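Each value in this text was obtained by applying a stated rule to the coordinates, not by laboratory testing. Model, not experiment: these values are computed from the prediction. Glycine also receives a Cβ, built like all others from the backbone with ideal geometry; neighbour counts cover every protein chain displayed.
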Amino acid sequence: MLIKHKKRSDCSENEVTDQSVYLNRRQFMKVTGGTALGLGFGNAFAALQSGNPLSPAQPLQAAFDRVIETPYGKDETPAPYDVTSSYNNFYEFGYGKGDPAKRAGSLETRPWTITVEGEADVTGVFDLDDIIKESLLEERIYRLRCVEAWSLVVPWIGIPLADVLKKFKPTSKAKYVYFETLYDPKQMPEQRGGSIDWPYREGLRIDEAMNPLALLSVGMYGSVLPNQNGAPVRLVVPWKYGFKSIKSIVKIRFVESMPITTWSTLAPNEYGFYANVNPEVDHPRWSQKEERRLPSGVLFPNVIETQMFNGYTDEVASLYAGMDLKRNY
Ligand SMILES: Nc1nc2c(c(=O)[nH]1)N[C@H]1C(S)=C(S)[C@@H](COP(=O)(O)O)O[C@H]1N2
Ligand SMILES: [Mo]
């Protein structure tokens with residue numbers, strides 16, 4: 001799959017009459033937008049799809065038109081958009097893999113603010129679009145390995161997490177970074193009950209967060225993130241199990257001690273704070289030596305071997321020098 005950030009046609013929607021243009025356009029939308037139109041995306045998505053000239057009213061159009069291509073994952077084949085956007089874990093919208101795609105339309109992703117607190121010189125409430133406007137978006141194709149032993153390849157669009165965190169000038173006491181998902185039971189139906197102590201919480205050690213691989217993602221497949229994939233902003237930490245890649249972030253807090261996180265609290269016998277992908281450390285109920293690479297079906301299970309750090313050892317092994325990864329998992 002080729003994801004090019006070429007300019008869309010200059011003509012407006014009603015001037016498009018040529019059948020082949022229409023078909024190409026449909027094909028493009030299949031790759032980049034898929035079912036999004038049916039899910040009630042706001043202006044941002046309309047702006048991206050309309051091909052209108054850039055204007056200050058469409059800050060995201062400008063940002064997405066100059067996405068930088070990077071070498072990350074250039075040799076990988078991304079999963080089809082339809083797979084990535086329909087097979088999800090986003091418990092705020094239900095526990096079935098298809099629930100988030102069906103139910104996340106209720107999430108209002110604009111305006112969106114992120115509250116930054118704790119051990120940093122620059123704290124306060126920041127508008128996500130301001131952060132995006134002053135950053136350069138990159139495309140990075142990463143493998144995502146869920147603890148449930150499935151994985152897929154996703155062409156994310158985002159900002160290196162370190163670039164964003166450095167803007168807030170963390171102090172020397174900032175040893176960890178804590179992240180929180182939106183808490184709003186009106187928009188996130190499963191937050192009305194259940195066994196999870198909402199909001200969803202995650203965290204990274206500061207050096208993990210500053211590692212160049214860690215990405216703050218605002219898009220995938222050339223467009224804004226669909227709600228079910230964590231719109232409007234999520235973490236992508238590709239060397240860790242997928243649950244570390246927290247979605248729909250509203251809070252970033254720099255802290256001195258290891259923060260409490262959702263999964264390490266909910267299932268402490270499974271994985272802890274680090275949750276690095278490790279084929280040598282089994283889940284209590286299954287082996288982690290192999291994974292189903294999506295798309296996968298009964299006839300073509302597409303089972304592959306799981307790699308240490310999900311294959312990102314060169315980039316991240318130094319973070320854990322001297323640590324026993326069979327104990328600190
Ligand atoms: N807020 C929130 N973030 C979350 C989750 C969730 O339930 N809620 N699920 C996690 C899990 S278990 C995985 S595997 C990934 C899935 O991301 P994807 O649906 O984009 O593939 O999101 C992670 N981030
Ligand atoms: Mo997961």
**Report entry** Tensor-based shape of the range 228-300 (alpha-carbon gyration tensor, a/c under 1.5 rounded, otherwise prolate or oblate)
**Finding:** oblate
Report summary line: The answer for the net charge of residues other than residue 157 whose Cβ lies under 10 angstrom from its Cβ, with Lys and Arg +1 and Asp and Glu -1, is -1
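Ranked by Cβ crowding within 10 angstrom, fewest neighbours first, how are 130, 65 ordered?
On the way: 130 12, 65 15.
Ordered by Cβ neighbours within 10 Å, fewest first: 130, 65.
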**Report entry** Computed label-point distance, nm, for sites residue 136 and residue 328 using a 7 Å Cα→Cβ extension
**Finding:** 3.3 nm
Requested in this report: For the range 109-164 and the range 179-231, write down the distance between their C-alpha centroids in whole Å.
Outcome: 9 Å
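What is the gain in length, in nm to one decimal, between residue 287 and residue 314 on full extension, counting 0.36 nm per residue of separation less the C-alpha to C-alpha distance?
Numbers: separation 27, 0.36 × 27 = 9.72 nm, distance 2.39 nm.
Answer, rounded to one decimal: 7.3 nm.
Which whole-number percent is the relative contact order of the range 123-241 (Cα, under 8 Å, 6+ apart)?
About 27 percent, as a whole number.
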**Report entry** In order through the range 308-323: 3J(HN,Hα) via Karplus (6.51 cos²θ - 1.76 cosθ + 1.60), integer Hz, x for Gly, Pro
**Finding:** 3, 6, 6, x, 10, 4, 4, 7, 10, 4, 5, 5, 10, 4, x, 9
Query raised in the report: Rg and Dmax of the range 77-162, using alpha carbons, in Å: what are they?
Result: 15.9, 42
Query raised in the report: Amide H to amide H, which residues 5 or more places from residue 250 or on other chains are under 5 Å from it, using H placed in the peptide plane?
Result: 180, 181, 182
Query raised in the report: Where does each of 212-218, 286-292 land if you order them by average Cβ count within 10 Å, highest first?
Result: 212-218, 286-292
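Take the alpha carbon gyration tensor of the range 112-224, find the square roots of its eigenvalues, order them as a ≥ b ≥ c, and report rounded if a/c is under 1.5; if not, report prolate when a/b exceeds b/c, else oblate.
Values: a/c = 1.39, a/b = 1.08, b/c = 1.28.
It is rounded, given that a/c, with a ≥ b ≥ c, falls under 1.5.
Could you tally the net charge around residue 267, taking each other residue with its Cβ under 13 Å from the Cβ of residue 267, Lys/Arg +1 and Asp/Glu -1? Could the numbers behind the result be given before it?
On the way: positive: 285; negative: 148, 197, 270.
In short, -2.
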Query raised in the report: Hey, with R₀ at 51 Å, roughly what FRET efficiency would residue 149 and residue 113 work out to, going by the Cβ-Cβ distance, to 0.05?
Result: 0.90
**Report entry** Using θ = phi - 60° and Karplus 6.51 cos²θ - 1.76 cosθ + 1.60, couplings along the range 269-277 (whole Hz; Gly, Pro as x)
**Finding:** 7, 8, 10, x, 5, 6, 6, 6, 4
Requested in this report: Using a cut-off of 15 Å between beta-carbons, work out the net charge of the residues near residue 320 (Lys and Arg +1, Asp and Glu -1, residue 320 not included).
Outcome: -1
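Students often get this wrong, so check it: of 167/247; 167/326; 97/289; 74/169, which have C-alpha atoms separated by over 26 Å?
Numbers: 167/247 21 Å; 167/326 35 Å; 97/289 22 Å; 74/169 33 Å.
Where the Cα-Cα span goes over 26 Å, the pairs concerned are 167/326; 74/169.
Quick check: residue separation of residue 257 and residue 280 times 0.36 nm, minus the Cα distance between them. What number comes out in nm?
Numbers: separation 23, 0.36 × 23 = 8.28 nm, distance 2.77 nm.
Full extension of this stretch gives 5.5 nm more.
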